[in-house]
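Comments concern the structure below.
The values are calculated or read from the model by the stated rules, or taken from the named source; none is laboratory data. Remember, predicted model here, so these are calculated numbers, not experimental data. Cβ coordinates were reconstructed from backbone atoms using ideal geometry, including for glycine residues, and neighbour counts include every protein chain displayed. With ligands, DNA and RNA removed, areas are computed over all heavy atoms of the protein, side chains included. Shrake-Rupley method; radii C 1.70, N 1.55, O 1.52, S 1.80 Å.
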Amino acid sequence: MFTRQLSVFVENKPGRLAEITTALADAGVDIRAVSVSDTADFGILRLILNDPDKGREVLKSHNCTVSLTDVIVIRINDQPGGLSFPMKLLFNSGISVDYMYAFISKNEKSACVILRVTDNQRAAELLSQNHIQIVSEEEIRDM
């Protein structure tokens, strides 16, 4: 039901993202979705990978500080208002979204939205009960 996201602590210096993405590429690990947030000195790189375990080991071997976080990935219609309904459901149930980012599926006319929320279990149940598809880690691996 949940997807494992890698969060990587990244020094804010030229070439660091190139090093990280090259290490993953050289190991045959594919990036499905990416988000970067930064400050003047460091950033947090969030990654959805086709193989999170292998990605974690590769990055650790390159002296990166890496953690795995459970997130929810939902599939929504890629059209105006497609994100509105799930956001209203979560809000009306008192579930806060800490952050989110998205990617478009190559094979379907849909978008996948990665959500980090205050209560994953409750959010996943609520979304599923309201016919919002939860995308599994296995499905992401095969995209």
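For beta carbons closer than 8 Å, sequence separation of 6+ or different chains, a first residue in the stretch 120-138 that is more than 9 Å from ILE72 (Cβ to Cβ) and a second that is open to solvent by less than 20 Å² (accessible area, probe 1.4 Å) and part of a helix (DSSP H, G or I), the qualifying pairs are LEU126/LEU90; ASN130/PRO86; ILE132/PRO86; GLU137/PRO52.
Do the conditions hold for ILE44, that is, is it within 25 Å of GLN121 (Cβ to Cβ), touching a Gly at 6+ places or on another chain (Cβ under 7 Å) and of a type in the set (Val, Ile, Thr)?
On the way: within 25 Å of GLN121 (Cβ to Cβ): yes; touching a Gly at 6+ places or on another chain (Cβ under 7 Å): no; of a type in the set (Val, Ile, Thr): yes.
For ILE44, the condition - within 25 Å of GLN121 (Cβ to Cβ), touching a Gly at 6+ places or on another chain (Cβ under 7 Å) and of a type in the set (Val, Ile, Thr) - is not met.
Out of curiosity, is ILE95 under 18 Å from ILE134 (Cβ atoms), touching an Asp or Glu at 6+ places or on another chain (Cβ under 9 Å) and open to solvent by less than 20 Å² (accessible area, probe 1.4 Å)? Criteria met by ILE95. Looking only at residues in the stretch 99-127 that are modelled with pLDDT of 85 or more and in a loop (DSSP other than H, G, I, E, B), which one is least open to solvent (accessible area, probe 1.4 Å)? Top of the filtered list is ASP119.
Inspection of the stretch 79-97 finds a residue satisfying the criterion of being assigned to a strand (DSSP E or B), on the phi < 0 side of the Ramachandran plot and under 17 Å from the mean Cα position of the chain (by Cα).
Restricting attention to the stretch 16-75 and to residues that are surrounded by fewer than 16 Cβ atoms within 10 Å (Cβ to Cβ) and among the hydroxyl-bearing types (Ser, Thr, Tyr), the residue that is modelled with the lowest pLDDT turns out to be THR39.
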